[in-house]
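Some notes on the structure that comes next.
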Amino acid sequence: MQRTDRERKQEQTGVSRISQAFERAQKLRSAALMPYFTLGYPTMESSVEIISAVAEESDLLELGVPFSDPLADGPTIQRSTQQALDNGTTVAGCLQMVAQLRRRGIDTPILLMGYYNPVMAYGEEAYVRDAAAAGADGFIIPDLPLEEAAEMEALADNYGLALVYFLAPTSPEARIAAVARHAKGFIYLVSLTGVTGARAALHADLGDFISRVRRQTTVPLAVGFGISTPEQAAAVGQLADGVIVGSAVINAADAAEDKPAAARQFVKSLQEGLNRR
Amino acid sequence: MQEKLPTQPDAQGKFGPYGGQFVPETLMPALEELLTAYQEARADAEFMGEFHRLLKDYVGRPSALTHAKRLSEQLGGAQIYLKREDLNHSGAHKINNALGQALLAKRMGKKRIVAETGAGQHGVGSATACALLGLECIVYMGTVDIARQQPNVYRMKLLGAEVRPVSSGSKTLKDAINEAIRDWVTNVDSTHYLLGSVLGPHPYPMMVRDFQSVIGAEAREQMLAACGRLPDSIIACVGGGSNAMGIFHAFRDDHEVDFIGVEAGGEGIESGKHAARFADLNISRLGVLQGTKSFVMQTADGQIMETHSISAGLDYPSVGPEHAWMRDQERAGYTYATDAEALAAFQRLSETEGIIPALESAHAVAEAIKLAPTMRPDQILLVNLSGRGDKDLDTVINQLAL
């Protein structure tokens, strides 16, 4: 059935929900906070509790769909995804957890972070369709660079969801331009050459890298990898539109008895860091 | 009329639907740089001259072609010829590719090499090439493989390489590759990843094949010189598949020559404990692992399965993309040998020919033992004896209760 332009505009898509989250954050301060947590970790039940608590302090959520061979991830996320798999977490189970979060009334935009092989096994189209139905807003697939992503991008477009692309400090101008042409929602900037995980210091060239990308696009730029403290989040928040923190959230939950409270408290401290700017 | 198979992947690095570049963005520029450097080097007579000089003066190529006369007579069928990659310096075909890539790394100004190893042959090959060319060498190796291939661990250390144990996942080759890629992504400016098989993202499957294609080029000439004709079939074991692709490549337009790849049948296909990607299509499906699209042994949910083989070098859940494509094109056929068959072949070749093969290569010998009696004495089987078995003595001694 044909929809009028007016109807189409009123419809919320995953892409528009992601964009609005960045706009809201920008109005309040300037960087949106996007914590990462692994679905199915540390147990299937507590995972949803922790994510629900974290969502209270988050502008967007990046939720990990576990894979046995996460080659872009460091030890913390590797350990969490392996535990999630040992707990019996499946792709379908992850989508059910997303639906459960939505039923609880959590309306924070959700990006599903997962490697390509489980997506292929589930079926690309079925994955996008079921993720949309569950209430996800976009996808982050670390081993699917632009050159291999045409099919997933078309499917995500069909459902109004964002396929988020990465750029790295190693990306030359031509790749930045190509990614900028395809970008929806935001671009995920990898802060350093390396895998995910907490680092003592931020990369010295991060500002230059962000400026190089900024010159080529108006899409929000979110920076992740290696950001683990409120001070680092604040420093990155000065430069970028979004700050992604993963391993440090998992470490915070691991260290406490009351994991939802501890994870939420840690994410709150990151927000306070961003607000101090 | 049969069509020639194109010898290069397409612009996206694909062999039909297989291959490609499924890696994190950080590595995409490094792959582009590698492809450009490799294409320039391949067209540079000086570079290729240096490569071939080292293959001759250092590796000891050409490797011999040996008529396995007693084994052939015993089997009473086809004549079995062995391409003796086991005679190469450092004990296997792996040195061909290791030297090629180490030379390329040096040309690119990369002073640090990371490599993965399963059986340890590629680790030893890499450590050898790095010692020769003055490069730093770090080899990732699963702790399960470290335990079963101790002699090669000592060799690598003696050659000045650092062996980093990997205790994640199945603690074998697959996990060693994950760690090597994580190292590469972290140190991409200074480091070349010396991948040891026809696996991983483009251009590795093409480049590794090219460096290994010297095996087939020599064998083709040697067969013509020895027998005045080409073999009826060529048999090679297939883990990632570099020795197989290396010997097949020069014969790809000789359509009278059949290609047979032999995977690791482990404890049998029904047991589920194997690494026969093409034999068990219920659990082996099109997937993406470690940068390339190919057949991948996986659960219904897309998690990579643990594999089993008595030979560490064949113990891997995916297979080179060009193999998958040659299979689709029916240019190559694939079968498997079980652990028990490989052990029997190991022992039989040792006793009948005085040649102790690597357990990997023993899988190819096992297939020759099955096939030869079904053929006429004027027919020829060419077996790629990809490596020697010194490294496997502990495993074999335990299994055979010697």
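The values are calculated or read from the model by the stated rules, or taken from the named source; none is laboratory data. No experiment lies behind these values; they were computed from the predicted model shown. Glycine gets a Cβ as well: all are built from the backbone with ideal geometry, and neighbour counts include every protein chain shown. Keep in mind that these areas ignore ligands, DNA and RNA; they rest on the heavy atoms of the full protein, side chains included. Shrake-Rupley method; radii C 1.70, N 1.55, O 1.52, S 1.80 Å.
Can you pull out the residues in segment B:156-171 that are in contact (Cβ under 8 Å) with a residue 24 or more places away in the chain and open to solvent by 60 Å² or more (accessible area, probe 1.4 Å)? Passing the criteria: B:LEU159, B:GLY160, B:GLU162, B:ARG164, B:PRO165, B:SER167, B:LYS171.
Residue count for segment B:313-331, restricted to those that are in contact with a Phe, Trp or Tyr (Cβ under 6 Å, 6 or more places away or on another chain), open to solvent by less than 10 Å² (accessible area, probe 1.4 Å) and away from every other protein chain (no Cβ under 14 Å): 3.
Within segment A:214-227, the residues that satisfy the criterion of being buried (at least 22 other Cβ atoms within 10 Å of the Cβ) and either of a type in the set (Gly, Ala, Ser) or part of a helix (DSSP H, G or I) (or both) are A:ALA222, A:GLY224, A:GLY226. Residues in segment A:148-178 that are over 17 Å from the mean Cα position of the chain (by Cα) and of a type in the set (Val, Ile, Thr): A:THR170, A:ILE176.
Checking segment A:165-184 against the condition returns no match, with no residue being assigned to a helix (DSSP H, G or I), in contact with a Gly (Cβ under 8 Å, 6 or more places away or on another chain) and acidic (Asp, Glu). Of all the criteria given as (1) open to solvent by less than 30 Å² (accessible area, probe 1.4 Å); (2) out of contact with any Leu (no Cβ under 6 Å at 6 or more places or on another chain); (3) not in a helix (DSSP H, G or I), the one not satisfied by A:THR108 is (2). The residue that is surrounded by the most Cβ atoms within 10 Å (Cβ to Cβ), counting only those in segment B:301-312 that are without any contact (Cβ under 8 Å) to a residue 60 or more places away in the chain and within 7 Å of chain A (Cβ to nearest Cβ), is B:GLY302.
Look at A:ASP143 and say whether it is at the interface with another protein chain (Cβ under 9 Å from one of its Cβ atoms), in contact (Cβ under 8 Å) with a residue 60 or more places away in the chain, open to solvent by less than 40 Å² (accessible area, probe 1.4 Å) and among the charged types (D, E, K, R).
Working: at the interface with another protein chain (Cβ under 9 Å from one of its Cβ atoms): yes; in contact (Cβ under 8 Å) with a residue 60 or more places away in the chain: yes; open to solvent by less than 40 Å² (accessible area, probe 1.4 Å): yes; among the charged types (D, E, K, R): yes.
Here the answer is yes, as A:ASP143 does meet what is asked.
Whenever a residue of segment B:319-338 is within 20 Å of B:GLN290 (Cβ to Cβ), its partners that are surrounded by fewer than 24 Cβ atoms within 10 Å (Cβ to Cβ) and small (Gly, Ala, Ser), lying with C-beta atoms within less than 6 angstrom and at least six residues away or across chains, give the pairs B:TRP325/B:GLY16.
Checking each residue of segment A:34-47 against the condition of being away from chain B (no Cβ under 13 Å), of a type in the set (Val, Ile, Thr) and either more than 25 Å from A:ASP241 (Cα to Cα) or part of a strand (DSSP E or B) (or both) gives at least one match. Identify, please: which residue in segment B:31-46 is open to solvent by 10 Å² or more (accessible area, probe 1.4 Å) and in contact (Cβ under 8 Å) with a residue 12 or more places away in the chain and is, among those, nearest to the other protein chains (Cβ to nearest Cβ)? Among those that are open to solvent by 10 Å² or more (accessible area, probe 1.4 Å) and in contact (Cβ under 8 Å) with a residue 12 or more places away in the chain, it is B:GLU33. A:TYR159 meets all of the listed conditions (1) among the hydroxyl-bearing types (Ser, Thr, Tyr); (2) more than 12 Å from chain B (Cβ to nearest Cβ); (3) under 20 Å from A:TYR41 (Cβ atoms) but one, namely (3). Among the residues examined, A:MET152 qualifies as in contact with an Asp or Glu (Cβ under 7 Å, 6 or more places away or on another chain), at negative phi, assigned to a helix (DSSP H, G or I) and within 12 Å of chain B (Cβ to nearest Cβ).
Within segment A:116-135, the presence of a residue that is touching a strand residue (DSSP E or B) at 6+ places or on another chain (Cβ under 9 Å), buried (at least 21 other Cβ atoms within 10 Å of the Cβ) and part of a strand (DSSP E or B) is excluded. When the test is whether a residue is open to solvent by 30 Å² or more (accessible area, probe 1.4 Å) and either closer than 25 Å to B:GLU85 by Cα or away from chain A (no Cβ under 14 Å) (or both), B:GLU50 passes it.
Being among the hydrophobic types (A, V, I, L, M, F, W, C), assigned to a helix (DSSP H, G or I) and out of contact with any strand residue (DSSP E or B) (no Cβ under 8 Å at 6 or more places or on another chain) is a description that does not apply to A:ALA200.
Looking at the structure I just gave you, is B:LEU393 hydrophobic (A, V, I, L, M, F, W, C), surrounded by fewer than 18 Cβ atoms within 10 Å (Cβ to Cβ) and touching a residue at least 60 places away in the same chain (Cβ under 8 Å)? If you could, list the steps in order and put the result at the bottom.
Numbers: hydrophobic (A, V, I, L, M, F, W, C): yes; surrounded by fewer than 18 Cβ atoms within 10 Å (Cβ to Cβ): yes; touching a residue at least 60 places away in the same chain (Cβ under 8 Å): yes.
Criteria met by B:LEU393.
Identify, from the list A:ALA55, A:ALA72, the residue that is hydrophobic (A, V, I, L, M, F, W, C) and within 18 Å of B:GLU179 (Cβ to Cβ).
Values: A:ALA55 fails: within 18 Å of B:GLU179 (Cβ to Cβ).
Exactly one of A:ALA55, A:ALA72 is hydrophobic (A, V, I, L, M, F, W, C) and within 18 Å of B:GLU179 (Cβ to Cβ), namely A:ALA72.
Of all residues in segment A:50-79, those satisfying the criterion of being away from every other protein chain (no Cβ under 13 Å) and among the polar types (S, T, N, Q) are A:SER52, A:SER58. In summary, B:ARG70 fulfils each of the numbered conditions (1) more than 14 Å from every other protein chain (Cβ to nearest Cβ); (2) touching an Asp or Glu at 6+ places or on another chain (Cβ under 7 Å); (3) open to solvent by less than 10 Å² (accessible area, probe 1.4 Å) with the single exception of condition (3). I'd like the full set of residues that are in contact with a Leu (Cβ under 7 Å, 6 or more places away or on another chain), within 12 Å of chain B (Cβ to nearest Cβ) and part of a helix (DSSP H, G or I), limited to segment A:80-100. The answer is A:ALA84, A:CYS94.
Within segment B:172-193, is even one residue away from chain A (no Cβ under 13 Å) and either polar (S, T, N, Q) or open to solvent by less than 20 Å² (accessible area, probe 1.4 Å) (or both)? Give the derivation first.
Here is the first cut: in segment B:172-193, the residues away from chain A (no Cβ under 13 Å) are B:192.
The next check asks that each one be either polar (S, T, N, Q) or open to solvent by less than 20 Å² (accessible area, probe 1.4 Å) (or both); those that pass are B:192.
Within segment B:172-193, one or more residues are away from chain A (no Cβ under 13 Å) and either polar (S, T, N, Q) or open to solvent by less than 20 Å² (accessible area, probe 1.4 Å) (or both).
Applying the selection to segment B:267-298, what residues are within 8 Å of chain A (Cβ to nearest Cβ) and either surrounded by fewer than 19 Cβ atoms within 10 Å (Cβ to Cβ) or on the phi < 0 side of the Ramachandran plot (or both)? Listed by number, the residues that qualify are B:ARG285, B:LEU286, B:GLY287, B:VAL288, B:LEU289, B:VAL296, B:GLN298. With a requirement of 2 or more residues that are open to solvent by less than 10 Å² (accessible area, probe 1.4 Å), at pLDDT 95 or above and under 16 Å from B:SER361 (Cβ atoms), the strands (runs of 3 or more DSSP E) lying completely within segment B:79-155 that satisfy it span B:79-84.
Within segment A:162-197, the set of residues being surrounded by fewer than 19 Cβ atoms within 10 Å (Cβ to Cβ) and more than 12 Å from chain B (Cβ to nearest Cβ) comprises A:ALA177, A:ALA180, A:ARG181, A:HIS182. Of all residues in segment B:6-25, those that are at the interface with chain A (Cβ under 10 Å from one of its Cβ atoms), over 22 Å from the mean Cα position of the chain (by Cα) and more than 12 Å from A:LEU146 (Cα to Cα) total 1.
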